[in-house]
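Right, one structure below, let's go through it.
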Amino acid sequence: MLNIAIEIGFVLIGLAMLLNLWRLLQGPDITDRILALDTLNINAIALLVLYGIREASSAYFEGALILAAMGFVATIALCKYLLRGDIIE
Amino acid sequence: MNPAIEFLVAVLILLGALFALLGSVGLARLPDFFTRLHGPTKATTLGVGAMALASAIYFTATQPDFSLHEIAVMIFLFITAPVSAHLLAKAALHRHSAEHGRDVNDTNE
Amino acid sequence: MMRRLLPRPALSISLFLLWAALSNAASFASLLLGALLALLLPFIVSPFWPDALHIQRPALALRFAARIGWDILLANWAVARRVVGPVAALHPAFIEVPLDLRDPFAATVLGSVVSLTPGTVSIDVDRERWVLQVHALDAPDPQALIREIKQRYETPIREIFAC
């Protein structure tokens, strides 16, 4: 039962990541692309956690933690750049 | 593993994956940036949260020790998601008004 | 005496719990180290927040947290339904919620809570007029939404921090 659930989970997350990729390529604005990247990153965390359950190894958790931290900082940095680098003085 | 726990983990995984997908559907489908912001901040965050909870229950049930560090990731995501959404919305508004301001300046010159 | 040893009890408890979670509550030694950090770190970081808010009503804070957890589940159900439903039926709107609280930290908490719950994302806190700008995914009746945010979230937050 758990194996089937994990396989279905992979398919759903994979689909979600494809939709994020589409939005990333489609845009139209740069904020849409940043949002798509952020969501892609969160879905990658989900995928990694799921893979950890499948392999019955908690080693993948460290990767998920790093993705979560780096993704947040990256999103904040990109937003700050948009907010600060675009000011007309 | 206890079948009841296995069932719980399976349900959490399916729910989590479904919510993550729904958030991404919202991101892909909704018409403008501010409506798109809603899907990822709520649904995808809860999806990953459910997935992390499933992982915590699974490893606590199968291994001798507790596995609580997934909960830390979950809390981290729930704290950071509104902050990212807030800054993204601010950046989008700023770009919007900056373009507007530039237009005004252009007509003044 | 208690205040001098534990200047920020809520921060200490969260630090300890976070340490326990990250180290999987593996051994007594790691828990002891966590307790030590939880006792020391508030002193080290206290200059960062010279006039920090204190939780005045811990029981209410816990109940509020539980309610937010429940609201997050409901919010996701609502957003999920609207995401798969017809897009034309949505009424997205920018809404300005006038605030009664006057503290940046409490406003941040309110903003985060609003972002995580029913179909709303907080966009900006105007600290001159004390207005919370919110974007709602589906708000046919903006006044009702303003009332709900103020009653359901702002009032408890003001009671918890007594501000």
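Where a number appears in this text, it was derived from the coordinates with a stated rule and is not lab data. A quick note: this is a predicted structure, and the numbers were derived from the prediction, not measured. Cβ atoms come from the backbone with ideal geometry, glycine included; neighbour counts cover every protein chain shown.
Observations on the model:
- Rounded to the nearest 10 degrees, the inclination of helix B:45-62 to the longest alpha-carbon principal axis of chain B is 20 degrees.
- Length added when fully stretched, B:Ala4-B:Ile75, from 0.36 nm per residue minus Cα-Cα: 23.0 nm
- Normalised Debye scattering of the protein assembly as shown at q = 0.14 Å⁻¹ gives log10 I(q)/I(0) of -1.27, counting only Cα atoms as equal scatterers and leaving out solvent.
- Between A:Leu67, C:Ala162, C:Ser115, the Cα set farthest toward the positive side of the dipole of the protein assembly as shown (charges on each charged residue's Cβ, about the Cα centre) is that of C:Ala162.
- Over chain A, relative contact order from alpha-carbon pairs under 8 Å, at least 6 apart, %: 25
- With Cα atoms, 0 to 90° folded angle of helix B:69-108 axis to chain B main axis: 10
- Taking the inverse of the mean 1/r over every pair of distinct Cα atoms in the range C:72-163 gives a Kirkwood hydrodynamic radius of 13.6 Å.
- Summed residue charge, Cβ within 14 Å of A:Ile13's Cβ, Lys/Arg positive, Asp/Glu negative: 0
- Overall, chain A carries a charge dipole of about 40 debye about its Cα centre when +1 sits on the Cβ of Lys and Arg and -1 on the Cβ of Asp and Glu, all other atoms neutral.
- Evaluated with a Cβ-only charge set (Lys, Arg +1; Asp, Glu -1), the range C:20-142 carries a dipole of roughly 400 debye about its Cα centre, given to the nearest 20.
- Take the Kirkwood radius over Cα pairs of chain C, plug it into Stokes-Einstein at 20 °C and 1.002 mPa s, and you get 119 µm²/s for translational diffusion.
- Site pair A:Met1 and A:Arg33 shows an inter-label distance of 4.6 nm when each label is modelled 7 Å from Cα along Cα→Cβ.
- Projecting label points 7 angstrom from Cα along Cα→Cβ for C:Ser27 and A:Val11 puts them 4.5 nm apart.
- Comparing Cα centroids, the range A:1-48 and the range C:91-163 end up 29 angstrom apart.
- If the chain linking C:Phe48 and C:Thr155 were pulled fully straight, counting 0.36 nm for each residue of separation and taking away their Cα-Cα distance, it would gain 35.8 nm.
- Amide H contacts of C:Ile123 (H built 1.01 Å from N, under 5 Å, at least 5 apart or other chain): C:Gln133, C:Val134, C:His135
- Taking chain C as a Gaussian network of alpha-carbon nodes connected by springs under 10 Å, the highest mean-square fluctuation of the residues C:Val84, C:Val114, C:Val134 belongs to C:Val84.
- Working from label points 7 Å from Cα in the Cα-to-Cβ sense, the A:Leu21 to C:Leu60 distance is 5.1 nm.
- Charge dipole (debye, nearest 20) of the protein assembly as shown; +1 at Cβ of Lys and Arg, -1 at Cβ of Asp and Glu: 760
- Comparing B:Leu37, B:Leu15, A:Ala16 along the charge dipole axis of the protein assembly as shown, the residue lying farthest to the positive side is B:Leu15, per the Cβ-charge model.
- Placing a label point 7 Å from the Cα of B:Asp65 along the Cα-to-Cβ direction, the residues of the range C:27-46 whose backbone N falls under 19 Å from that point are C:27-37.
- 37 °C / 0.692 mPa s Stokes-Einstein diffusion coefficient of the range C:2-48, Kirkwood radius on C-alpha pairs, µm²/s: 305
- Cα convex hull volume per residue for chain A (Å³): 69
- Degrees separating the helix C:58-84 axis from the principal Cα axis of chain C, which is the longest one: 40
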